[in-house]
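Below: one structure, written as structure tokens.
The values are calculated or read from the model by the stated rules, or taken from the named source; none is laboratory data. Here the structure is a predicted model, which means the values were calculated and not measured. No Cβ is skipped: glycine too gets one built from the backbone with ideal geometry, and neighbour counts run over all protein chains shown. Heavy atoms of the whole protein, side chains included, go into the accessibility calculation; ligands, DNA and RNA do not. Shrake-Rupley method; radii C 1.70, N 1.55, O 1.52, S 1.80 Å.
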Amino acid sequence: MTWHATTILTVRRGDRVALGGDGQVTLGNQIMKADAAKVRRLLDGRVLVGFAGSAADGFALLERFEAKLKDYPNNVPRAAIELAKQWRTDRALRRLEALLIVADERHSLLLSGSGDVIQPTDGILCAGSGGAYALAAARALVAHTDLSPGEIVRESLKIAAGIDIYTNESLTVEELPGS
């Protein structure tokens, strides 16, 4: 059976950023959990992280990323690059099937097991089965509304939940205030 899990979205607007995700975990054609928390605050609440993919793999990557943040506390891109290098070269980590989205006051990054560390031009990133739907909705809302990043993330995830069967409306949205 194949695990399908979640939609994660981050939106940066002005000096504010929000990151959110839904809570659905599906095994085959059954919803196994509706309220999983796949979004966390790290480094005393200054860094937001969300994962899409296997829950165990996502949590393993969260722990490793948190360790890298402690090594490079004021440099999220460096911590992300160091994790991506380790993820790509470590025999056990290479098998992990998840994506991480991380955001702090200045950076939004997508990390993958193939060594990708991607920073979007428009400040919007997505991952997971409903990611493309949430991304499209977020881009439209950024272009045509004055909503805050948190409101955009919430509305975009609701739109994705209405389209993608592996995404639900049990949302966790975290926001970092502007400076």
Give the residues of region 141-179 whose amide nitrogen is closer than 14 Å to a point set 7 Å from the Cα of Asp122 in the direction of its Cβ.
141-145, 153, 156
So between Arg78 and Asn29, what do we pick up on full extension, going 0.36 nm a residue minus the alpha carbon distance?
13.7 nm
Computed magnitude of the charge dipole of region 8-134 (debye, nearest 20; Cβ of K, R +1, Cβ of D, E -1):
160
Which percent of Cα-Cα pairs in region 76-179 sits in each 10 Å bin, short to long?
14, 40, 33, 12, 1
How long are the three semi-axes of the equivalent ellipsoid for region 52-131, computed from the Cα gyration tensor as the root of 5 times each eigenvalue, in whole Å, largest first?
18, 16, 11
Given 163-172, 128-137, 106-115, 17-26, the highest-first ranking by average Cβ count within 10 Å works out to 17-26, 128-137, 163-172, 106-115
Neighbour net charge for Ala161 - beta-carbon separation under 11 angstrom, K R +1, D E -1:
-2
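Kirkwood-based Rg over Rh for region 84-139 (C-alpha set), two decimals?
For region 84-139, the value is 1.02.
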Could you tell me what percent of the accessible area of the chain is made up of carbon and sulfur, with a 1.4 Å probe and every protein chain present?
49
With 0.36 nm assigned to each residue of separation and the Cα-Cα distance removed, Arg41 to His144 gains 34.2 nm
Determine the dipole magnitude for region 24-89: charges of +1 sit on the beta-carbon of Lys and Arg, -1 on that of Asp and Glu, nothing else is charged, the reference point is the Cα centre, and the result goes in debye to the nearest 20.
140
Could you do me a favour and compute the accessible area per residue for region 47-179, 1.4 Å probe, result in Å²?
48
Taking region 1-86 on its own, what percent of its Cα-Cα pair distances exceed 18 Å?
49
Rounded to whole angstroms and listed largest first, the alpha-carbon spread of the chain along its three principal axes comes to 45, 40, 25
Relative contact order (percent) for region 1-81, with alpha-carbon contacts under 8 angstrom and 6 or more residues of separation?
23
Positive end of the dipole of the chain, charges at C-beta (+1 Lys, Arg; -1 Asp, Glu), about the Cα centre: which of Gly115, Gly50, Thr89 has its Cα farthest in that direction?
Thr89
